[in-house]
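The numbers here are math on the coordinates, done by the rules we state, and not lab data. Small disclaimer: the values here were computed from a predicted structure and weren't measured. Note that each Cβ is placed from the backbone with ideal geometry, even for glycine, and that neighbours are counted across all protein chains shown.
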Amino acid sequence: MRVEVWSDVVCPWCYIGKRRLEAALAQFPHRDSVEVVWRSFELDPRAPARREGSYAERLARKYGMTVEHARASIARLTRLADAEGLAFRLDGALPGNTFDAHRVLHLAAERGVQDAVKERFLAGYFTERRAIGEAATLVELAAGAGLDAGEVRAVLAGDRYAAEVRADEEAAIELAATGVPFFLVDGRFAIPGAQDTDVFLRVLDRAWAAAEPLVVVGDAGESVEAGCEDGSCSI
């Protein structure tokens, strides 16, 4: 069973949603049969390599709120992250364009370390205040998560995986995913937003049950032809 997740590496709810999905998977009895795939989604495709100014000021401008309201929102988000074991340090975050980060994540998927690189990018941005839009940062973080630094540099120097990033974003549009995180379980069960762990677990259980073939126990024998006998009825 596959769980596809559209998210961005500068989206705080995406990091919280990742932890909640992981908590659900830890309780899911068929965890070893679940593949998690991280899909690309840019919250701000026109962003420069690094944005200046405080996080609260940027948030206030983006959503048309006061700086005080933005600070209160950040404090609430930080508390929610803490409850999931995440240490957000948003006051010094260094956001930027994430297109290259998503390209590196596609490389990581091919090398079998996508989840590790995704986690490293998120931790680097939200906890370590790394400039996630800069190539040097991406090389260092990706190499620390299992990718070859030289290969990452080569990807960043060209346009490899650009088409894959755009394909992910087009798929999000087709799914009517206007925000992230957005989870798609087994291609047909959608979960918008960072839902509680029990929501993820219920959907995983439902998707698994729906995917399992029907098991017929016993043999109806001649009773099907006879009409309604011996516990079964013919159509």
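Sorting R61, R20, R51 from the fewest to the most surrounding beta carbons within 10 angstrom yields R61, R51, R20.
Helical runs assigned H by DSSP (4 residues or longer) give the chain a calculated mean residue ellipticity at 222 nm of -15500 deg cm²/dmol, each run adding -39500 (n - 2.57) before division by the residue total.
Note on A211 and R166: with the Förster distance fixed at 25 Å, the Cβ-Cβ geometry gives a FRET efficiency of about 0.25.
Once Rh is set to the Kirkwood radius over Cα pairs, what Stokes-Einstein translational diffusion coefficient, in µm²/s, holds for segment 1-50 at a temperature of 10 °C and a viscosity of 1.306 mPa s? Write down the numbers at each step before the final one.
Values: Rh = 12.3 Å.
Roughly 129 µm²/s, to the nearest whole number.
Just need log10 I(q)/I(0) for segment 46-103 at q = 0.15, 0.23 Å⁻¹, Debye formula, equal scatterers on the alpha-carbon atoms, no solvent, rounded to two decimals. Debye intensities relative to I(0), on a log10 scale: -0.52, -0.98. Where both bridge residues fall in the chain, DSSP classifies roughly 60% of the beta bridges as antiparallel.
Taking Cα atoms only, the orientation of helix 135-144 departs from the longest principal axis of the chain by about 50 degrees. Ordering L141, L105, L156 by the number of other Cβ atoms within 10 Å of each residue's own Cβ, fewest first, gives L156, L141, L105.
Using Cβ point charges alone (K and R +1, D and E -1), the dipole size of the chain about the Cα centre works out to roughly 1560 debye.
Overall size of the chain from C-alpha positions, given as principal axis extents largest first: 79, 43, 30 Å. For L43 and H30, the difference between the fully extended length at 0.36 nm per residue and the C-alpha to C-alpha distance is 1.4 nm. Computed about the Cα centre, the dipole magnitude for segment 68-188 is approximately 340 debye when only Lys and Arg (+1) and Asp and Glu (-1) carry charge, each at its Cβ. Between helix 162-174 and the chain, what is the angle of the helix's C-alpha long axis to the longest principal axis, kept within 0 to 90° and rounded to the nearest 10? Approximately 60 degrees, to the nearest ten. With respect to the chain, whose longest principal axis is taken over its alpha-carbon atoms, helix 99-110 is tilted by about 40°.
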